[in-house]
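Engineer: My questions will all concern the structure given below.
The values are calculated or read from the model by the stated rules, or taken from the named source; none is laboratory data. As the structure is a prediction and not an experimental result, all values here were calculated from the model. Because the Cβ atoms are built from the backbone with ideal geometry, glycine has one as well, and the counts that use them run over all protein chains shown. In case anyone asks, the SASA skips ligands and DNA or RNA and just uses the protein heavy atoms, side chains included. Shrake-Rupley method; radii C 1.70, N 1.55, O 1.52, S 1.80 Å.
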Amino acid sequence: MNNRQNDIACNVGQGPVTGKEAGLMICHYCHKVVSCHDYDEATICPRCCATVHTRKPGSITYTWALVLTSLILLFPANLLPIMQVDYLGSQEYSTIMDGIIYFFKEGSYGIGIVILTASVLVPVFKIAGIMLILLSIHFRWKTWLRHKTMMFRFIEFIGRWSMLDIFVIALLTVLVNFGFFSTISAASAATYFCGVVISTMLAAITFDTRLIWDTCIPPNREEE
Amino acid sequence: MEKPVTKKKKGISPIWILPAIALAIGLWLLYRGITERPITVVVHFHSAEGITAGKTKVMYKGLPIGFVKEINVDKGLDSVSVVLAMSPKTKEGLVQDVKFWIVRPEITAGRISGLETLLSGSYIAVQPGISKVPCREFYGLDEPPPVPETAPGLHFKLKTDALNSIQRGSYIYYRDIKVGSVQDYTMEGSEGIIINAYIEPEYRHLVKPGSRFWNASGITLSGGLSGIKFHMESISTLINGGISFYTPEVLMDEPPAEDGHVFKLYKDYEAAEYGIKVTLKMETGEDMVEDLTKVIYRGLEVGRIKKITLNRNDRKYKVTAHLLLDPMAKPILKKGTRFWIIRPKVGVNGIQNLGALVSGPYITFVPGEGEPCYEFVIQGSHSKEILKNGTFYRLESTDLNSLEPGAPILFKHIQVGEVASYDLNPDNSVDLVFIIYDRYVRLMNRHCVFWNYSGMNLRVTPAEVNLKTDSIRAILAGGIAFDYPHQLYGKRLKPAKPGQRFKLFKNFQEAVKHAPGLKPAGKFVKLETTQPVSVSEGSPVYYKKVKVGEVTGVSLEEKHDKIIVTVFLEKKYLALIHKTTRFYLASGIKVKGSIRTGLDIQASPLASIMMGAISFINPGHKKSGQRIKTGQVFRLYNSLDDALAADYVAVTIHFPKGQKIKVNSKIRHQGIEIGHVQDIGFENHMDSILVKALIKKSASSIFTTGAKIWVVYPEFSLSGIRNLETAITGPYIAVEAGPGPRCTDLQGLAAPPAVPVVKTGLNLIAEAQSLGSLKRGCPVYYRRIKVGTVTGYELAPDARMVWVHLNIYDAFAPLVRTNTRFWNASGIRVDAGLFSGIDVKTETIEAILAGGIAFATPEGEDMGRAVSQGHHFKLYEKAKDEWLEWEPAIALKK
């Protein structure tokens, strides 16, 4: 692994390795390779008329903003109750962790682990992972670039599963609706949790993975 | 190589709004989390039963204000400390004397409480305190605390001897509305109990210092013969115990009771009654019932006897009744007020105080003058308050009889006055004062004659005086009646002077002797009888139970050994009396009957039961114009039956021995009743029975010489049951007219005539070798259809044959021709031979069982002529086969 990384790093110094260096851009929509030498950084795809950029504009800023949003929202999402159970007139609130603990106590370890993963670990992992990548870009950490890219792919992939908890609550709300006897409804944390998931997913979309590799290009060359 | 243009964007990207919003939300949530951080409070309970950490709530007035965070056992293991997370809003309220207790569902015989916790689980209830010292550690109570002294509302005390079923939390009701509750109770000394009670602020004004509280628990049942009083408060008080109170109307304007006021708790509703206490000394407590005997003033209930006590020292008035009078009676209670007891009086002068008869005796009073007074002595009841205005007159009588003050003075049965009082004159005659009401004073003139109208005359036989019990006296209302001669009606007469003295006659008869003009117009007739009579002077004469006159004298005419009863008949009824009128004695109750005829009870009007009475009937057609003369003599029959029987013709029938005839057995002709047996006796030699019968005049022509008379009994035989009705009604006597002249002395037959005459249909005679199984009533068949019956049989006059009498029904008479063949169809005929096999011939089942006769008529010319009554045929033993094939066409009668 290390060798291959080094290969790339070595290659970088010898000539135009990246499209950017070669003055090429790719259209985000029709994937046509467009030369950027004749144009500004932002130009029009001659084929599909979409705006073409070398890199996604403002990717780092957007991703930072969204990641920070989700980081802030992560706290109320986990600390406030996500579900309200009315059982024979008595209200009960439960946070995400309460539910997980309940399942573990009940012996349903499988469900417990699934919910723990989808609702707690995945968002935390996503936020932590994207922040790690962003930090590495910011501080031009040139190590583990390939692993970071793989991690990002993984984050993109699991992002869709983190809505599991919301699905469970939505289903329960509909299924358990017996008026006075038993009612389940979503509580405030559900909103924040949705915010966390949405902003992490958006963060993953706005992030341009090529930026990871841009760190390999020495700043002097980039400025040339 | 052209350098790409790098554009630097200025300013901050709008995307940063997102984290800013998130941060704002986060900060706001944080702020709220800090400010609304629950206040942790520790409460020590004896038991944390029913409490769950994290779930159990702290409720105040139905709202959750906190929850149980955790539960720990205290060091000494004797209590638990419950950590409560209280809403920050309660911060100010968490002071030293805040009380916590656990509300659990509680179902005991005494009460059901906290029922809502069955579903929602137990909760911790809070009662706020008044202290200002904040506190975070409390000691929980085992049961709900009483309402604090400072709570708005009325806090007062009730004093009682026994707690009964009152308990902490028992409700206090006002007109069955829950207005407060029992907070606590303590023993005061060794006897009294002090109950701390609380009335909610909105009902506070209802409690006045004069309010009466009583224990409303359970059922109160009191009473005696004169009534039962049942009192029950609501069911919940029955279970839970409760206190009710009420405030007398008169006290409603007084200021409300102060906090800490001590009331007496009465043991029940009755005991709590409010009123003026009055004592009334009386000679005897007879008929007086505590709590039930009322004090009534002019028809209004103004109080009751609450208690009756014995006086040890008072020799005359041994009993003291404690009355509780309505406060409105207060102004009446003066020294001169007189009390007396009204008892139901059932007397000759009517039923007095009927109300008291139903509700028991009561006490009444007349207001008097003088100082206010609360102790009275009962007065005798010999005087009566006259409530109407009128003029007073006097009566002189030799005897008071049963007259009492209040006895009515009647004119034509209308009460026009009443007896006010009586006294004894110096000459030992009775002086009665009576009042005639104003509107009737015009009736009073000097011609007025008064007599004692005590229901029934007292002049009846000694045995009947004994019968004169109270109840009969009650039925026959009495009093004094008066009248003046009828000729003077409508004339202007000189009115009597007030206070004028009249003479009181013992009865109407006496009065009539004195003033004959009183008597209504009418006629005297004489009734004579040889039998002793049970009527006497004054006995009524009824017609259809309406009195039309009366007996004025009974005398014995020695010469003819007759009793002559003189009867006076009122003029308006004279039209009812004719020369044919039959008078009879209608006294008393008559019961006649037997199992067969049923029971017949005749009860005459009560007066006639006691005094005997005469009644009459008018048989036959009325013949107007045949007016009776005064002094006309009638026969007096002994009874209605005798009077009716005067129409009947007496017939004597001689029966051989052994007939089951009884008196009243019916006599019938062709099934219709024409008379009955009046008497049965033996003939001179005891060998035959002499039946005396009464026959209706219209039917007497049947009784002629040669008439056939026999007794009909029920008959049971294989061919059926005959005369079934006689099994129930008893045998009757049947009569067939004979050919001779009329006669009243006849000979009865021992058995029904062998050949009864049947007037309808065709009567034939079949001559048989022997009777076989034939009987009277056996059917006669034609093609197995019953067309007639065997009516009888007899030996031929020369005894060679048996003559079987047949009666063919009218409709089928044409079937019989001179050549008709009759054969005996009884039984089963079996012809069996070695080669012919078995041939079984039967007629109908009835014929098999009971025997019968069948006949067939040849076809066409061979059938012969129609037959006349009494034609003789030969009765064959069996039918020839060819007979059975005849199929003549004969028109039947329609």
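Engineer: Collect the residues in the range B:317-330 that are surrounded by fewer than 18 Cβ atoms within 10 Å (Cβ to Cβ) and modelled with pLDDT of 75 or more, keeping them in residue-number order.
Structural biologist: Our first condition is that a residue be surrounded by fewer than 18 Cβ atoms within 10 Å (Cβ to Cβ); within the range B:317-330, this holds for B:317-318, B:322, B:327-328, B:330.
If the condition is that a residue be surrounded by fewer than 18 Cβ atoms within 10 Å (Cβ to Cβ) and modelled with pLDDT of 75 or more, then B:Tyr317, B:Lys318, B:His322 are the ones that fit.
Engineer: Let me ask something else about it. May I ask you to list the residues in the range A:57-94 that are more than 7 Å from every other protein chain (Cβ to nearest Cβ) and within 16 Å of A:Val124 (Cα to Cα)?
Structural biologist: Correct list: A:Thr63, A:Trp64, A:Val67, A:Ser70, A:Leu71, A:Leu74, A:Ala77, A:Asn78, A:Leu79.
Engineer: If you don't mind, another one. Testing A:Lys126 on (1) buried (at least 22 other Cβ atoms within 10 Å of the Cβ); (2) more than 12 Å from chain B (Cβ to nearest Cβ); (3) closer than 30 Å to B:Gly66 by Cβ, one condition comes back false. Which one is that?
Structural biologist: (3)
Engineer: Considering the range B:18-47 alone, what residues qualify as being more than 8 Å from chain A (Cβ to nearest Cβ) and open to solvent by 70 Å² or more (accessible area, probe 1.4 Å)?
Structural biologist: B:Leu27, B:Trp28, B:Leu30, B:Tyr31, B:Arg32, B:Ile34, B:Glu36, B:Arg37, B:His46
Engineer: If only one of B:Ser122, B:Ser170 is within 14 Å of another protein chain (Cβ to nearest Cβ) and either at negative phi or modelled with pLDDT of 75 or more (or both), which one is it?
Structural biologist: Values: B:Ser170 fails: within 14 Å of another protein chain (Cβ to nearest Cβ).
Sole residue among the options that is within 14 Å of another protein chain (Cβ to nearest Cβ) and either at negative phi or modelled with pLDDT of 75 or more (or both): B:Ser122.
Engineer: Give the range B:654-701 a look and list any residue that's open to solvent by 20 Å² or more (accessible area, probe 1.4 Å) and part of a helix (DSSP H, G or I), or say none.
Structural biologist: B:Lys697, B:Ser698, B:Ser701
Engineer: Sticking with this one: Scan (1) part of a loop (DSSP other than H, G, I, E, B); (2) out of contact with any Asp or Glu (no Cβ under 7 Å at 6 or more places or on another chain); (3) surrounded by fewer than 22 Cβ atoms within 10 Å (Cβ to Cβ) for the single condition B:Phe812 breaks and write down its number.
Structural biologist: (1)
Engineer: Moving on. Look at A:Gly110 and say whether it is more than 11 Å from chain B (Cβ to nearest Cβ) and open to solvent by less than 40 Å² (accessible area, probe 1.4 Å). Lay out the reasoning, then the answer.
Structural biologist: Working: more than 11 Å from chain B (Cβ to nearest Cβ): yes; open to solvent by less than 40 Å² (accessible area, probe 1.4 Å): no.
So A:Gly110 does not fit the description; no.
Engineer: Within the range A:88-124, work out how many residues are not aliphatic (A, V, I, L, M) and not in a helix (DSSP H, G or I).
Structural biologist: Initially, the range A:88-124 is screened for residues not aliphatic (A, V, I, L, M), giving A:89-95, A:98-99, A:102-110, A:112, A:117, A:119, A:123.
This time we only want the ones that are not in a helix (DSSP H, G or I), so: A:89-95, A:107-108.
Number of matching residues: 9.
Engineer: In the range B:500-511, is there at least one residue being surrounded by fewer than 19 Cβ atoms within 10 Å (Cβ to Cβ), within 20 Å of B:Leu410 (Cα to Cα) and free of Cβ contacts under 8 Å to residues at least 24 places away in the same chain?
Structural biologist: No, the range B:500-511 has no match at all.
Engineer: For B:Leu324, indicate whether it is farther than 15 Å from B:Ile378 by Cβ, assigned to a strand (DSSP E or B) and in the same structural domain as B:Phe365 (by TED's automatic domain parsing). Quick ask: steps written out before the conclusion?
Structural biologist: Values: farther than 15 Å from B:Ile378 by Cβ: yes; assigned to a strand (DSSP E or B): yes; in the same structural domain as B:Phe365 (by TED's automatic domain parsing): yes.
Criteria met by B:Leu324.
Engineer: Quick one: in the range B:154-177, of everything that is farther than 14 Å from B:Leu265 by Cβ and within 42 Å of the chain's Cα centre (by Cα), which residue is surrounded by the most Cβ atoms within 10 Å (Cβ to Cβ)?
Structural biologist: B:Tyr174
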